[in-house]
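So the structure is just underneath, and the comments pick up after that.
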Amino acid sequence: MRKTPSILLVDDDPASNYLAKLLLLEIDPEFDIHVRYHGQEALEFIKTADGEVVSPTLIFLDLNMPVMDGFEFLEHFTQLPASESTSIVLLTSSAYPKDIERAKAYNITHFINKPLTEEQLRDVLASVPLYR
């Protein structure tokens, strides 16, 4: 039996989260989708209160968020064992070359400028191991 992929959307923009969730559920209504609005919330979700670590299959991560931005999240997340089996897609409005260059230091699967399209999403889903 295949494990349902767990997808974490980390973005402070409700419209972006809504669009991504809508597109994901159109492709596969069985996806287990979680939404967090900044990096700190995402880390708290991944590191649960009882000390267990939730390992999302795929994370869509914005860079520019309050409280903890995407790069701060990546610095903390890459220290967790969960990071080794999680694919990360940067989904951001940032097109700064410095951000793209900085992202290369992390194991980023894709760098996508908002808004997410169905074609981009299908490309991502085809290239990452969803069922592990």
Lysines with Cα under 17 Å of LYS21, excluding same-chain neighbours fewer than 8 positions away: LYS114
Modelled FRET efficiency - R0 41 Å, ASP28 with ALA95, Cβ distances, 0.05 increments: 0.90
Distance in nm between pseudo-label sites at SER55 and ALA82 (7 Å out along the Cβ direction from Cα): 1.1
Cα-Cα separations in the chain greater than 17 Å, expressed as whole percent: 55
Mean-position separation - Cα centroids, segment 101-132 and segment 26-67, in angstrom: 15
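Taking only DSSP H segments of four or more residues, each worth -39500 (n - 2.57), what value at 222 nm results for the chain once the sum is divided by all its residues, to the nearest 500 deg cm²/dmol?
Mean residue ellipticity at 222 nm (helix-derived): -10000 deg cm²/dmol.
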Partner aspartates and glutamates for LYS47 [C-alpha distance under 16 Å; skip if fewer than 8 residues away on the same chain]: GLU72, GLU75, GLU84
Segment 6-127: relative contact order as a whole-number percent, Cα under 8 Å and 6+ apart: 25
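We did not get these values from a lab; they are worked out from the coordinates using the rules stated. Remember, it's a predicted structure, so these values are computed and weren't measured experimentally. Note that we place each Cβ from the backbone using ideal geometry, even for glycine, and neighbour counts take in every protein chain shown.
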